[in-house]
1. Does segment 35-50 contain at least one residue that is within 28 Å of the chain's Cα centre (by Cα) and either of a type in the set (Lys, Arg) or surrounded by fewer than 10 Cβ atoms within 10 Å (Cβ to Cβ) (or both)?
2. Does Arg223 satisfy the condition of being modelled with pLDDT under 85, open to solvent by 80 Å² or more (accessible area, probe 1.4 Å), over 30 Å from Ala105 (Cα atoms) and assigned to a strand (DSSP E or B)?
3. In segment 91-101, is there at least one residue being touching a Ser or Thr at 6+ places or on another chain (Cβ under 7 Å) and open to solvent by less than 30 Å² (accessible area, probe 1.4 Å)?
4. Say we look at segment 138-164 and pick out the residues that are closer than 30 Å to Tyr38 by Cβ and aromatic (Phe, Trp, Tyr); which of these is farthest from the chain's Cα centre (by Cα)?
5. Criterion first (at pLDDT 95 or above and among the polar types (S, T, N, Q)) does Gln119 satisfy it?
6. Considering Glu247, Glu239, which residue is at pLDDT below 90, open to solvent by 30 Å² or more (accessible area, probe 1.4 Å), among the charged types (D, E, K, R) and assigned to a loop (DSSP other than H, G, I, E, B)?
7. Being surrounded by fewer than 17 Cβ atoms within 10 Å (Cβ to Cβ), in a loop (DSSP other than H, G, I, E, B), of a type in the set (S, T, N, Q) and out of contact with any His (no Cβ under 8 Å at 6 or more places or on another chain), is that true of even one residue in segment 136-146?
8. Evaluate segment 12-22: report whether one residue or more is in a loop (DSSP other than H, G, I, E, B) and open to solvent by less than 70 Å² (accessible area, probe 1.4 Å).
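The values are calculated or read from the model by the stated rules, or taken from the named source; none is laboratory data. Remember, predicted model here, so these are calculated numbers, not experimental data. In this analysis, Cβ positions are derived from the backbone assuming ideal geometry, glycine residues included, and neighbour counts consider all displayed protein chains. Quick note on the areas: whole protein, heavy atoms, side chains included, nothing else; ligands and nucleic acids left out. Shrake-Rupley method; radii C 1.70, N 1.55, O 1.52, S 1.80 Å.
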Amino acid sequence: PLDYNIKQPYGATFNVNLQRELPGQMTVTVGYAGSRAYNLVAAVEGNPNVPQISADGSKFFPAVAVRRNPAFGPIDYRTSAARSEYNSLQLSAQKRFSQRYQIQATYTLAKSMDNMQGQLGFDVNNSPIFPQDPYDRDREWAASDFDVRHVSTTNFVWDLPGDAANPLTGGWQFNGIATLRSGVPFTPTLSGGGSGGWSRSGGANASDRPSLKPGVTPESLTRGDPNSYFDTSGFVIPEQGTFGNVERNSFRGPSYAMTSVSLVKNTRLGSTAQAQFR
């Protein structure tokens with residue numbers, strides 16, 4: 001169901017940049033781009049179990065718990081409880097085409113944060129859309145599922161030396177583009193919600209998280225092996241009725257690199273037509 005008093009989502013985007021032309025047909029740009037969004041629609045367990053509050057303020061869910069409304073089971077609820085923010089530093093340098101070549105390089109240092117993943121399960125695949133604790137969505141405030149901290153792209157065009165009038169040696173062009181980026185975050189979860197397909201808070205769609213052993217950090221568990229990306233021996237199952245201490249999106253997936261090059265032959269046919277062979 002949908003929250004009867006749902007609020008209207010709204011957001012704002014802003015950017016500023018400074019561009020400078022340098023000798024040698026070179027232009028450099030430094031910029032900032034950001035955004036803020038509020039009252040985003042998010043999923044939450046609408047009828048969770050009622051916890052006991054421990055002396056330290058933490059929640060404990062008894063094995064036989066009572067729901068907020070005992071007349072109903074779990075409720076897949078939509079409410080305007082989410083927010084997000086984005087900040088980025090954007091750098092670029094471009095050498096315009098001259099002396100038979102051009103080159104452009106860009107780099108973005110960005111950080112996207114939110115306390116929601118999406119409204120439907122297939123919106124994302126690296127974290128559950130439901131918060132672990134339905135009573136405190138702000139505990140989900142972390143890097144967005146799509147947060148890519150570093151992105152660098154370089155491309156170039158080079159007209160190879162050759163006699164333009166010669167149909168065999170003239171008109172050759174070498175192009176390329178290379179992209180490097182850091183990995184996206186993800187959240188380890190317990191299979192089956194930690195207890196028979198149900199989370200400790202009673203949500204049928206939520207997923208409980210494990211706890212890290214004392215002194216263990218997400219960085220120390222990351223192996224990078226595609227067959228065993230992180231070391232599962234650093235996790236423990238939390239005590240029954242309590243939440244695990246692994247934070248949402250506290251782990252990072254592998255970085256990504258891609259390079260593409262092409263060799264192009266431009267051949268002039270008559271006075272107007274032109275063909276390209278790749």
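1. Keep residues of segment 35-50 that are within 28 Å of the chain's Cα centre (by Cα), which gives 35-46.
Still in the list and also either of a type in the set (Lys, Arg) or surrounded by fewer than 10 Cβ atoms within 10 Å (Cβ to Cβ) (or both): 36.
Yes, the conditions are met somewhere in segment 35-50.
2. Working: modelled with pLDDT under 85: no; open to solvent by 80 Å² or more (accessible area, probe 1.4 Å): yes; over 30 Å from Ala105 (Cα atoms): yes; assigned to a strand (DSSP E or B): yes.
So Arg223 fails the test.
3. The answer is no; no qualifying residue exists.
4. Within segment 138-164, the match that is farthest from the chain's Cα centre (by Cα) is Trp141.
5. Working: at pLDDT 95 or above: no; among the polar types (S, T, N, Q): yes.
No, not satisfied.
6. Details: Glu247 fails: at pLDDT below 90.
The match here is Glu239.
7. no
8. Residues of segment 12-22 that are in a loop (DSSP other than H, G, I, E, B), as a first pass: none.
Scanning segment 12-22 turns up no residue that is in a loop (DSSP other than H, G, I, E, B) and open to solvent by less than 70 Å² (accessible area, probe 1.4 Å).
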